[in-house]
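The values are calculated or read from the model by the stated rules, or taken from the named source; none is laboratory data. The shown structure was predicted, so the numbers you read here are calculated from the model rather than taken from an experiment. Note: ideal-geometry Cβ built from the backbone for every residue, glycine included; neighbour counts use all protein chains shown. In case anyone asks, the SASA skips ligands and DNA or RNA and just uses the protein heavy atoms, side chains included. Shrake-Rupley method; radii C 1.70, N 1.55, O 1.52, S 1.80 Å.
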Amino acid sequence: MNPVVILLAFATFVTGTAENIIVGILPDVAGGLGVSLALAGQLTAVFSIVFAVTAPLALVLTKRIDRRRLFLAALGLFILSTFAAAASPNFAIMLLTRIGMAAASATVCLLATMLATELVDESMQGRAIGIMFMGISGSLVLGVPAGILIADVAGWRGVFLALAALAFTVWLVSWRCIPASGLRGGALPGYLKHLRSAPLVAGQLVSILMIGGHFVLFAFLAPYLVEVAGIADGNVALGFAALGIAGVSGGYFGGWLADRLSPRAALLLTPSAYLAALAGLPLLKGSPGPLFAVMVVWACISWMISPVVQRFLISTGPETAEAGISLNFSAMHVGVGLGTIVGGFLVRYDIAALPVGAAVIATLALMTAAVAFRAAGAVHTRTSSGTSDEHRTLAKANRVA
């Protein structure tokens, strides 16, 4: 694998940590800003909504600005926003810094994924995308648990200072190692063409619903681990680390599965396995060991879906692949916002009900995956039939000649 792909994955790790860090230090942030737990949790939802809006706009910018220059500018904005978050005096200012971090993160993640797929052969594209999502899910292995530990020593503001310093290091290495990629120019991204394709739209909906189901529980995972899974307060960081390791594995396995099987088959299999794991959580309430073991499986499968969907979009609609990837980042973060909002509603009544709400959304994801599977098969059949008819027509013309 090209070493630059690993560097790009590390950039997604840093920005992924910014999105998820609130999850691990949610009680500290809420207390420090003087707001409720539910309101502080919406800082993740705001991040996701801004990310969703920014990703398509960032792709348009790549037609006007060199990708390396845009990548470095986005990292610079991320650094400034993260420093500002550390100094936020109130919830309103913190909200503004989250908007800046989200816009920068969307641009970094989009460009990293696009550059990574360009640096490898087509047969390795799924794994290259999987490595990008290993960076994002890796934020759970090191970013969120490290944030919890740093918060214990230096407070939650120290977490954002440390993240800004790490981002600056990534900026320096990227400045030296990422070559200029040149302007792409040409027509604007084919968003409308992409959205007219039934299988591609269904694939995007799978992302929204799968990630939505995941974040119903994940956005409030710290209190869930303590109150339902029975993990002591002092071991929450270790719990996040274990689930994060599973998530990193899922990022790679999702890309591997999409390359190993057909992208259509991987798209159908992943939500099926995810729903089975998620449905087991309410049944194991009161059994901390088995419950946490199933949570590890849940975490692994939940991070498989993004590389699976993006590989499906590239293979099913290659002519709109870049538009599809940018829209998929938007779809993912619409899902984060959806899940966080639903989870915030449920946690007010019964935190143990979070997996049930997540399972309902995941069921819709599986149904949508089945629609995408069938629609993509129909498109493939029509394409193959059209190609065969063309070959027969050419053969007949040659015989007449």
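Some notes on this structure:
- I150 sits among other residues whose Cβ lies under 12 Å from its own Cβ, and their net charge, with Lys and Arg +1 and Asp and Glu -1, is -1.
- Put a plus charge on the Cβ of each Lys and Arg, a minus charge on the Cβ of each Asp and Glu, and nothing anywhere else: the dipole of the range 1-135 about its Cα centre is then about 300 debye.
- Hz values of 3J(HN,Hα) by residue in the range 354-368 - Karplus curve (6.51, -1.76, 1.60), Gly and Pro given as x: 4, x, 5, x, 4, 5, 4, 5, 5, 4, 4, 5, 5, 4, 5
- Given charges at Cβ of Lys, Arg, Asp, Glu: the chain dipole, positive-most of S207, P89, W156: S207
- Largest-first principal axis extents of the Cα set of the range 1-54 (Å): 46, 24, 12
- Every helix of 4 or more DSSP H residues in the chain counts as -39500 (n - 2.57), and over all residues that averages to -28500 deg cm²/dmol at 222 nm.
- Sorted peptide list for 45-54, 108-117, criterion being average Cβ within 10 angstrom, highest first: 108-117, 45-54
- Gaussian network model of the chain, Cα within-10 Å springs - most flexible of V206, V309, V294: V294
- Spin-label model, N235 to D350: label points 7 Å out along the Cα-to-beta-carbon direction sit 2.6 nm apart.
- Taken along its three principal axes, the alpha carbon spread of the range 185-302 comes to 55, 29, 22 Å, from the longest extent down to the shortest.
- Taking each residue as 0.36 nm, the span from A87 to A73 lengthens on full extension beyond its C-alpha to C-alpha distance by 2.9 nm.
- Split the accessible area of the chain by element, probe 1.4 Å, and carbon with sulfur accounts for 69%.
- Protection proxy ranking, highest mean first, for peptides 341-350, 225-234, 207-216: 207-216, 341-350, 225-234, where packing is the per-residue count of other beta-carbon atoms within 10 Å, averaged.
- Accessible area per residue for the range 53-112 is 35 Å², calculated with a 1.4 Å probe on protein heavy atoms, without ligands, DNA or RNA.
- Rh by Kirkwood over Cα pairs, then Stokes-Einstein D for the range 240-311 at 0.692 mPa s and 37 °C, µm²/s: 267 µm²/s
- Each peptide in 96-107, 296-307 was scored by the mean count of other Cβ atoms within 10 Å over its residues; highest first, the order is 296-307, 96-107.
- Candidates M367, V50, F312 compared by Cα position along the dipole of the chain: farthest toward the positive end lies F312, with charges placed on Cβ.
- Accessible area per residue for the range 185-294 is 39 Å², calculated with a 1.4 Å probe on protein heavy atoms, without ligands, DNA or RNA.
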